[in-house]
Amino acid sequence: MSQKVALFGDLGDECLICQEPFDKTNKEMVKSWYVVVREQEEKVNLYCPDCWEKAIDIIKDFKERLDKKKEQA
């Protein structure tokens, strides 16, 4: 747990995808943005809500297409 907390010090200042600025002092941003900690790589990735939702939509679409292919096989 302490390693994860230490990695938060590496939190960036912008979205990894669209480079939208992230203000660590803005309470609303802190509550609404997404942080992914990759312990093995010692990386902290930061995503704005728009990019996060787009990624979720892409994953859902991909899963639906895979399910359809399985049904047709």
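Data overview
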| item | result |
| --- | --- |
| Within straight-line cross-link reach of residue 70, lysines at Cα separation under 17 Å, skipping those fewer than 8 residues along the same chain | 60 |
| Angle in degrees between helix 49-72 and the longest Cα principal axis of the chain, rounded to the nearest 10 | 20 |
| Equivalent ellipsoid semi-axes - Cα gyration tensor, the chain, angstrom | 30, 16, 9 |
| Inter-label distance, nm, simple model (7 Å from Cα along the C-beta direction), residue 24/residue 11 | 0.7 |
| Residue-averaged [θ]222 nm for the chain, counting only DSSP H segments that reach four residues, each worth -39500 (n - 2.57) | -15500 deg cm²/dmol |
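Computed from the coordinates by the stated procedures, all read-outs in this text should not be read as laboratory data. None of these values were measured; they are calculated from a predicted model. So basically every Cβ, Gly included, is an ideal-geometry build from the backbone, and we count neighbours across all protein chains shown.
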